[in-house]
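Data block below; observations after.
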Amino acid sequence: METILSTKGLTKHYGRIKAVDNLDLDIKKGSVFGILGPNGSGKTTTLGMVLDVINRTSGDYTWFGETPTKEHRKNIGAILET
C-alpha cells in the first residue's frame, strides 16, 4: 500500500524545549489519521514541519514516497492555528 506521509526522527527544539522529539510515522493511502494530544504536545509543530511552514531541527520526511516539492504540497489541504 502506498505511503502518503512518512517521518523518520522528526524533531523540533525551541532552545531547551523539545516540541517534537524523534517522531517516526507512516500514513498509508486511504487511511484516516488524527493527531490527538493536550495543548503544547507538538501537534501543530509537527504539521508545520511537514508543510514547510516551520523549520525542523532534525529528521526527515517524505510525501508520496519522495522528497517534498511545491507540486506535492498542491495536493495537501491544511489550516494551522495561529
**Message:** I'd like the accessible area for Ser58: 1.4 Å probe, protein heavy atoms, all chains in place, Å² to the nearest 10.
**Reply:** 50
**Message:** Given points 7 Å out from each Cα along the Cα-Cβ axis, report the Lys18 to Met1 separation in nanometres with one decimal.
**Reply:** 3.0
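Quick one: ranking Thr11, Thr69 by accessible area, 1.4 Å probe, largest first, what do you get? Don't jump to the answer; show the numbers that get you there.
Details: Thr11 10, Thr69 55 Å².
Ranking Thr11, Thr69 by accessible area, largest first, yields Thr69, Thr11.
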**Additional length obtainable on full extension of the chain from Thr67 to Ile79, 0.36 nm per residue less Cα span** = 2.1 nm
**Prompt:** If Lys and Arg each add +1 and Asp and Glu each add -1, what is the summed charge of the other residues whose beta carbon sits under 13 Å from the beta carbon of Thr44?
**Reply:** +1
**Request:** Please work out the C-alpha center-to-center distance from the range 63-82 to the range 9-31 and express it in whole Å.
**Result:** 16
**Estimated [θ] at 222 nm from DSSP helical runs (n ≥ 4, -39500 (n - 2.57)) normalised by residues in the chain, nearest 500** = -3500 deg cm²/dmol
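The values are calculated or read from the model by the stated rules, or taken from the named source; none is laboratory data. Note that the structure is a prediction, hence the values are computed from the model and not measured. All Cβ positions, glycine included, derive from the backbone under ideal geometry; neighbour counts span all protein chains shown. The area values use the complete protein model at the heavy-atom level, side chains included, leaving out ligands, DNA and RNA. Shrake-Rupley method; radii C 1.70, N 1.55, O 1.52, S 1.80 Å.
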